[in-house]
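Structure, as structure tokens:
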Amino acid sequence: MRYRWGALLAGAVWLPGAAAAQFSPVGVPKGLLRVELDGALETVDRRYFGGTSEEFAADLASPALGADRIPGFAEADAALGRITQVGGARLNLGQLTATAQGSRNSAAVGLGFGITSHISVFARLPLARTTVKTTLTLDSTSSNAGINPADPVFGAQAGAAQTSQFISDFTGALQSLEARLQAGVYDGDPAVRALAQSTLNSGTALRNDLAGLLLDPATASTFVPTAGSQLGTALNARIQALQATLSGSLGVTGFTTTPALPVTRASQDALTAYLTDPRGPIAGRVAEAPLSQRGDAEVGAVFTLIDRWNDDAKGTGIRFAVSGLYRLGTGFPARPSFFLDIGTGTGHAALGGTATADIGVGRFGIRLTGGYLQQRPADDLLRVTPPDQPYAPFNHIKTVRVNPGDVFTLGAHPFVRLVPGFAIQAGVDHLHEGAETVAYLSASDSIPGVPASVLALDSEIGVTTFSAGITYATPGISKPGAKGIPVDAFWTLGRVVAGSGGRVSKFQSMRGGVRVYFRIFQ
């Protein structure tokens, strides 16, 4: 399943300085080279959807697993409705519960250089390791379906032979009926002839539906009703009624076989094999498989308009800077073979800017930030299916053109300086990401009846994060000849505390970093 993790990582801000120490300047003072090293440990097991908290893996679970989560079941349900003539016929594998624990551990190295007292440039490259541990548990007590005995992958040779023989006998009986009609056997009795014609028509439709449901390699369902279920009983009753009509007044005898239906309900092992076996229709992955790759690299520049900061915690200080950033899109997005995955980045380039204001009065102060990020379209390999139907066939993995929504951020981080350079801080950040658009890259990629736009359902989101921690910055670092070790550092704990719109991951994070400055020129 696809999630837009790049915008949802708790506290992960894509503009310089927002995650750094509250007294550290956003830009780099003139003549200084800044070397940065920071990291984060992030975990998630819950999410918001429509503002309501629920399991991280909620889309994988179902109270009655069927077409609600497995889109391939829709055709089987429709066929069963025609075959059994039972209203609302639906395959049900039972109650499926799903839990997941995701993590993203990252480290980043960055460089910044102060060109003038107002202008500096920076670059940053993150590396990340992500993983999701997913647990699916099936309770088949309420199930009405089991493995199709004739399935070429999960069935058995005996079941395939029985169903094949049934379809062959069915076809032979219909051919005999048609031959008798053409020979005029029923012409002497109009009522019998009408019965023969209607039986031929309805029998042909029934045979085609049964062959499509049970045997045809292109359309057969891996799961079919158990023999003792309501649908299984109705299916056999329909066949037996037709056989009675044929062998009775229509005089077509010899058709007595029945198709193979499962006698046991779907099991946990059967479901897991169906979802993950590479020979099956879905060929997805549930087992934990860490992804270790680079994230989205960033380059940019900072223009400091005002820098009258009160390093000595006396009087009023103010600092204001604007930043521009280009995200290279070098990260690896979530993998389409996994039903639930976290990427190391978005894989999309982006261009953005932010404004940062630091205001200090004595020991107290606040950092205010506001930003905008325009994410660029790119080609992604995705499993094309609605977010709440994750178990789509493997052949739904297509190349699509994804145009992510624009991102707006606001942040407020008040702080209290305990001693010069050292402070405790807390803050709130809010992020809004607009709805995305998705289209097939080419006509050859399109899936009949499944528009690529289903991937963009509920893609507009709002994320609110709370964080608190401690910060340190060497006082007077921007002044030539300043005393002390030229370093600043931070350590924070963060948590997503609210989400609106679509699926918002409730990440919890611990972040820390250090920046060391080296003077290159005065």
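Observations, loosely collected:
- Unique residue being buried (at least 17 other Cβ atoms within 10 Å of the Cβ) and under 30 Å from Q522 (Cα atoms) when the list is G66, G110, G94: G110
- Residue check for P217: closer than 19 Å to P149 by Cα, surrounded by 20 or more Cβ atoms within 10 Å (Cβ to Cβ) and within 35 Å of the chain's Cα centre (by Cα): no
- In region 220-237, the residues that are in contact (Cβ under 8 Å) with a residue 60 or more places away in the chain reach residues that are part of a loop (DSSP other than H, G, I, E, B) and aromatic (F, W, Y) with C-beta atoms within less than 8 angstrom, at least six apart or across chains, in these pairs: T222/F154.
- Breaking point among (1) more than 27 Å from P281 (Cα to Cα); (2) touching a residue at least 12 places away in the same chain (Cβ under 8 Å), for A211: (1)
Listed here are the residues, each with its yes/no results for (1) assigned by TED's automatic domain parsing to the domain that holds G494; (2) out of contact with any strand residue (DSSP E or B) (no Cβ under 7 Å at 6 or more places or on another chain); (3) of a type in the set (A, V, I, L, M).
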residue	(1), (2), (3)
V26	yes, no, yes
V35	yes, no, yes
L65	yes, no, yes
I83	no, yes, yes
G102	yes, no, no
G110	yes, no, no
G114	yes, no, no
R124	yes, no, no
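- Wholly enclosed strands (runs of 3 or more DSSP E) of region 81-152 bearing at least 2 residues of a type in the set (A, V, I, L, M, F, W, C), touching a Phe, Trp or Tyr at 6+ places or on another chain (Cβ under 8 Å) and more than 30 Å from R308 (Cα to Cα): 145-147
- Of all residues in region 276-298, those satisfying the criterion of being in contact with a strand residue (DSSP E or B) (Cβ under 8 Å, 6 or more places away or on another chain), among the hydrophobic types (A, V, I, L, M, F, W, C) and surrounded by 15 or more Cβ atoms within 10 Å (Cβ to Cβ) are V286, L291, A297.
- Hits in region 171-211 - residues which are assigned to a helix (DSSP H, G or I), among the small types (G, A, S) and farther than 25 Å from P149 by Cα: S176, A179, A191, A194, A196, S198, S202
- Restricting attention to region 144-188, the residues that are modelled with pLDDT of 95 or more, among the charged types (D, E, K, R) and either touching a helix residue (DSSP H, G or I) at 6+ places or on another chain (Cβ under 9 Å) or crowded, with 20+ Cβ neighbours inside 10 Å (or both) total 3.
- Considering region 485-522, and only residues there that are in contact (Cβ under 8 Å) with a residue 40 or more places away in the chain and outside any strand (DSSP E or B), the residue that is nearest to D59 (Cα to Cα) turns out to be G502.
- Enumeration of residues in region 80-112 that are more than 30 Å from L291 (Cα to Cα) and in contact (Cβ under 8 Å) with a residue 60 or more places away in the chain: L80, R82, I83, T84, Q85, V86, A89, L91, L93, G94
The values are calculated or read from the model by the stated rules, or taken from the named source; none is laboratory data. All figures in this text were calculated on a predicted structure; none of them were measured in a lab. Because the Cβ atoms are built from the backbone with ideal geometry, glycine has one as well, and the counts that use them run over all protein chains shown.
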